[in-house]
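For reference, the structure discussed in these notes is given below.
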Amino acid sequence: MSQPSVHNQNNQYACAVVTGGARNIGQAIALRLQQDGCRVIVVDIVEPEAAALQADAYQVDLADADATQRVMGDIAERYAVTRLVNNVGIVAPALLEEATLEDFDQLMHLNVRSALICTQALLPAMKAQGMGRIVINASRVVLGKEARTIYSATKGALQSMARTWALELAEHSITVNCVAPGPIATSAFWQNNPPDSERARRIIDNIPLQRMGQPDDVAQAVSFFCDERSGFITGQTLFVCGGVTVG
């Protein structure tokens with residue numbers, strides 16, 4: 001595990017769970033929390049690409065409620081977790097007329113239900129320790145985006161749950177916040193927006209900072225919310241979007 005940085009030394013020996021932490025944004029978050037001094041547990045359907053994350057990794061399909069409950073129960077018994085990043089998610093882009101009930105169920109189960117299961121499983125440890133940091137990876141699509149009917153619904157649901165949880169858990173010094181990325185250069189982004197396509201060019205041209213966001217940009221925001229010193233910030237959504245949501 002990487003040594004904690006001076007800036008985030010208050011996180012030393014903290015234990016963090018990152019769902020969907022094997023690749024892309026999730027991997028960047030997990031590696032950053034390691035650098036901040038956390039012991040990081042990655043929960044994903046695939047093995048982490050980064051060797052530094054493999055020691056405490058669990059492989060599970062987070063869309064499977066029973067399997068997720070079993071894994072999270074084991075984690076809750078073995079680790080005193082005080083940081084949870086509900087990051088896992090898939091997109092399944094489709095126009096309204098093309099959206100399917102199968103995709104609706106899959107995205108709701110993976111993107112939303114898994115966050116509920118993981119949070120419920122780890123809450124007792126956070127309450128027992130008198131502090132916790134829960135961060136949810138939402139998306140700028142909560143403000144509206146074409147061909148994202150189901151995906152935006154899941155991210156909007158997560159954002160609403162976060163605000164409710166922030167109120168319920170405040171008395172236990174547990175904060176709940178969202179990061180809302182976009183557009184970020186991940187494999188999913190390039191799959192849905194091929195680099196040489198007009199759609200991709202149009203997206204990039206409309207970013208005020210004139211560059212694509214990187215997974216590390218999102219990890220920076222998550223690190224801030226997870227820091228022990230960020231205890232007076234809860235129920236908030238931070239857009240990590242290069243200025244796309246301004247105006």
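The values are calculated or read from the model by the stated rules, or taken from the named source; none is laboratory data. Just so we're clear, the structure is a prediction, and the values are computed from it rather than from any experiment. All Cβ positions, even for glycine, are placed from backbone atoms using ideal geometry, and neighbour counts span all protein chains on display.
Restricting the search to segment 160-192, which residues are without any contact (Cβ under 8 Å) to a residue 40 or more places away in the chain and charged (D, E, K, R)?
The answer is Glu168, Glu171.
Within segment 151-172, track down each residue that is surrounded by 18 or more Cβ atoms within 10 Å (Cβ to Cβ), closer than 15 Å to Gln120 by Cβ and either of a type outside the set (A, V, I, L, M, F, W, C) or at pLDDT below 95 (or both).
none
Gln191 versus (1) farther than 21 Å from Leu158 by Cβ; (2) part of a loop (DSSP other than H, G, I, E, B); (3) not hydrophobic (A, V, I, L, M, F, W, C): which is the lone unmet condition?
Exception for Gln191: condition (2).
Sort through Val222, Val176, Val218 and tell me the only one that's more than 18 Å from Ala94 (Cα to Cα) and not in a helix (DSSP H, G or I).
The match here is Val176.
Sort out which residues of segment 59-101 are part of a strand (DSSP E or B) and closer than 23 Å to Thr149 by Cα, and write them in order of number.
Residues satisfying the conditions are Asn86, Ala94.
Across segment 193-209, what is the total count of residues that are surrounded by fewer than 17 Cβ atoms within 10 Å (Cβ to Cβ) and free of Cβ contacts under 8 Å to residues at least 12 places away in the same chain?
Qualifying residue count, segment 193-209: 9.
Taking segment 31-58 as the search range and keeping residues that are outside any loop (DSSP other than H, G, I, E, B) and free of Cβ contacts under 8 Å to residues at least 24 places away in the same chain, which one is nearest to the chain's Cα centre (by Cα)?
Applying the filter and picking the extreme gives Tyr58.
In segment 197-247, what residues are more than 15 Å from Val135 (Cα to Cα), small (Gly, Ala, Ser) and within 17 Å of the chain's Cα centre (by Cα)?
Gly213
Being in a helix (DSSP H, G or I) and surrounded by 19 or more Cβ atoms within 10 Å (Cβ to Cβ) is the filter here, so list the residues in segment 138-148 that pass it.
Hits for segment 138-148 are Arg140, Val141, Val142.
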